[in-house]
Amino acid sequence: MMGASRASSGDPDRVDDPQLVSLLIDGDRAAWSEFVRTNARLVTAMAIRVLGDDTEVEDVVQAVFAKLWADDRRRLRAYRG
């Protein structure tokens, strides 16, 4: 993500959350990849806890991210404040 500000976490590849949200709202696919990369482990862990069965976890995780991309990006505008 060229020109995006980086967080002060010491990770030069990490975009700070407000910048990431702004890029997501604009439909930036690189920002989307970053969002999925940084949140996939958490979403997977939650799916495993809820389902208690690994056979459906991958499908559920994909469905969560697909729903976010297709329907809920516009709702992120509220985060921008």
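Observations on the structure shown:
- Amide H contacts of VAL15 (H built 1.01 Å from N, under 5 Å, at least 5 apart or other chain): ALA7
- At full extension, ASP54 and ALA40 could sit 3.6 nm farther apart than now, given 0.36 nm per residue minus the alpha carbon distance.
- Sorted largest first by accessible area at a 1.4 angstrom probe radius, with every protein chain in place, the residues LEU76, LEU23 fall in the order LEU76, LEU23.
- Normalised per residue, the accessible area of the stretch 36-76 is 76 Å², obtained with a 1.4 Å probe and no contribution from ligands, DNA or RNA.
The values are calculated or read from the model by the stated rules, or taken from the named source; none is laboratory data. It should be emphasised that the depicted structure is a prediction, and the values quoted were computed from it without experimental measurement. Accessible surface is based on the protein model in full, side chains and every heavy atom, while ligands, DNA and RNA are left aside. Shrake-Rupley method; radii C 1.70, N 1.55, O 1.52, S 1.80 Å.
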